[in-house]
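Asker: Once you've had a glance at the structure underneath, I'll fire off some questions.
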Amino acid sequence: MKPLYIRIKEQLASNIQAGKWKSGDRLPPEVVLATEFEVSRETVRSAIRLLEEEGKVYVRHGVGTFIVNPLPQTPNSLEKLMSVTSMITHAGLEDGEKREKIKVIKPIPEWRNLLQLTSDENVVIHERIRTADSEPVVFSKNILAQKLVNEKMIHKGSIGSLFNFLKEECKIDIAKATTEIVVPLHTDRNCQKLLIHPETTVLLLKQLHYDYQNRPVLYSLDYFRNDIFKFTVNRTI
């Protein structure tokens with residue numbers, strides 16, 4: 001179940017989208033919202049902090065919290081955590097999949113540390129090429145603790161959205177991720193899977209995904225064709 005502050009944030013965001021408050025309006029004080037939702041002021045404060053990070057409100061300390069106009073949506077903005085399936089769809093492409101392999105192995109030290117595994121735990125490695133309009137556009141290498149996924153993942157023919165699979169089959173909700181953007185060398189074997197045109201370049205996103213309890217559950221290496229995908233980051237002072 002999602003934490004209270006997440007549910008309150010989603011309810012407030014839904015009210016904003018529905019027009020309950022307009023741009024420039026001030027949200028009710030924290031004490032009023034805490035009474036309305038029957039939670040502590042700190043829980044309300046955490047929900048408002050998330051709304052502020054998403055650009056939906058502006059907090060003027062000592063004055064109040066105000067609704068602001070949302071930033072324009074840009075394709076594959078890295079502030080918004082999306083599955084590879086969603087990224088392909090947002091790029092206006094038809095999603096396809098070429099399953100490569102899935103196996104269970106002992107993790108290398110880097111994976112063990114990132115996923116906080118004990119020395120005797122194994123990981124599931126799930127690799128696949130994603131296609132759009134029949135061309136390879138993404139290569140993904142996903143590393144998960146074996147204890148988190150059931151045998152269905154090993155024997156399933158096509159997983160589709162990994163986020164949805166984890167949610168529906170394993171009861172794991174991905175909440176956030178830390179992302180490192182890397183330009184891989186052209187000699188990288190995974191990069192070479194996507195170099196099908198002379199003008200093709202590739203970006204690598206190294207991502208560690210967490211659930212709502214801030215537990216690391218998935219480490220992914222996602223290679224994207226940069227002639228297909230455009231990534232953006234909105235920066236503020």
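Asker: Could you pull out the pairs from Lys9/Lys230; Lys56/Lys230; Lys101/Lys167 whose alpha carbons sit more than 25 Å apart here?
Answerer: Numbers: Lys9/Lys230 29 Å; Lys56/Lys230 23 Å; Lys101/Lys167 21 Å.
Violating the 25 Å Cα-Cα cut-off are Lys9/Lys230.
Asker: Suppose only helical runs count, i.e. DSSP H with n ≥ 4. What mean residue ellipticity at 222 nm does that imply for the chain under -39500 (n - 2.57) per run, divided by all residues and rounded to the nearest 500 deg cm²/dmol? It would help to have the intermediate numbers written out before the result.
Answerer: Numbers: 8 runs with 65 residues, N = 237.
Mean residue ellipticity at 222 nm (helix-derived): -7500 deg cm²/dmol.
Asker: By how many nm would the segment from Lys141 to Glu42 grow when fully extended, if each residue of separation counts as 0.36 nm and the alpha-carbon distance is taken off? Before the final figure, lay out the partial values.
Answerer: Values: separation 99, 0.36 × 99 = 35.64 nm, distance 3.86 nm.
Full-extension gain reported as 31.8 nm.
Asker: Moving to a separate point now. Report, in debye and to the nearest 20, how large the dipole of the chain comes out about its Cα centre when Lys and Arg carry +1 and Asp and Glu carry -1 on their Cβ.
Answerer: 240 debye
Asker: In the chain, if the dipole is taken from +1 on Lys/Arg beta carbons and -1 on Asp/Glu beta carbons about the Cα centre, which of Trp111, Pro3, Gln192 is farthest to the positive end?
Answerer: Pro3
Asker: Once Lys and Arg get +1 and Asp and Glu get -1 on their Cβ, which of Ala132, Leu78, Leu50 lies farthest toward the positive end of the dipole of the chain?
Answerer: Working it through, the farthest residue towards the positive pole turns out to be Leu50.
Asker: Still on this model: Let me spell out the model: positive unit charges on the Cβ of Lys and Arg, negative unit charges on the Cβ of Asp and Glu, origin at the Cα centre of the stretch 134-237. What dipole size does that give, in debye rounded to 20?
Answerer: Details: 14 positive and 11 negative charges, 49 e Å.
Computed charge dipole of the stretch 134-237: roughly 240 debye.
Asker: I would also like to ask the following. Which net charge results for the neighbourhood of Tyr212, defined as the other residues with beta-carbon distances under 14 angstrom from its beta-carbon, given Lys and Arg at +1 and Asp and Glu at -1?
Answerer: Numbers: positive: Lys2, Arg7, Lys9, Lys167, Lys171, Lys176, Arg215; negative: Glu10, Asp173, Asp211.
Summing Lys/Arg as +1 and Asp/Glu as -1 gives +4.
Asker: Using the Karplus equation 6.51 cos²θ - 1.76 cosθ + 1.60 (θ = phi - 60°), what ³J(HN,Hα) coupling, rounded to whole Hz, does each residue of the stretch 191-207 give in order, writing x for Gly and Pro?
Answerer: Result, rounded to whole Hz: 4, 5, 5, 10, 7, 9, 10, x, 8, 6, 10, 9, 10, 10, 9, 8, 10.
Asker: Using a 10 angstrom Cβ neighbour count of at most 10 plus a DSSP loop assignment to flag exposed trypsin sites (Lys or Arg not before Pro), which longest range of the chain is free of such sites? Write out the running numbers ahead of the final one.
Answerer: On the way: sites that count: Lys22, Lys171, Arg235.
Counting only loop sites that pass the neighbour cut-off, the longest clear stretch is 23-170.
Asker: Right, something else. Given the C-alpha centroids of the stretch 158-237 and the stretch 39-69, what is the distance between them in whole angstrom?
Answerer: Taking the Cα centre of each part, the stretch 158-237 and the stretch 39-69 sit 29 Å apart.
Asker: Calculate the spin-label point distance for Gln17 paired with Ser134, positioning each point 7 Å from the Cα along the beta-carbon direction, and give it in nanometres.
Answerer: Once both label points are built, they end up 3.6 nm from each other.
Asker: Average projected area of the Cα convex hull of the stretch 9-66, in nm²?
Answerer: Values: hull surface 14.5 nm².
Mean orientational projected area (the stretch 9-66, Cα hull): 3.6 nm².
Asker: Relative to the longest principal Cα axis of the chain, at what angle does helix 4-17 sit, 0 to 90 degrees, rounded to 10?
Answerer: 80 degrees
Asker: Hey, of (1) 15.5; (2) 13.3; (3) 14.7, which did the structure itself give for mean projected area of the Cα convex hull in nm² when calculated?
Answerer: For mean projected area of the Cα convex hull in nm², the calculated option is (1).
Asker: By the scheme Lys and Arg +1, Asp and Glu -1, what is the net charge of all other residues having a beta-carbon under 14 Å from that of Leu221? Before the final figure, lay out each step's value.
Answerer: On the way: positive: Arg128, Arg130, Lys141, Arg189, Lys193, Lys206; negative: Glu100, Glu110, Glu127, Glu180, Asp188, Asp222.
Around Leu221, the surrounding residues sum to 0.
Asker: So which lysines pass the test for Lys98, namely a Cα distance under 20 Å, with those fewer than 8 places away in the same chain ruled out?
Answerer: Lys141, Lys152, Lys156, Lys193
The numbers here are math on the coordinates, done by the rules we state, and not lab data. Quick caveat: nothing in here was measured; it's all calculated off a predicted structure. Neighbour counts are summed over all protein chains in view; Cβ atoms, including those assigned to glycine, are modelled from backbone coordinates with ideal geometry.
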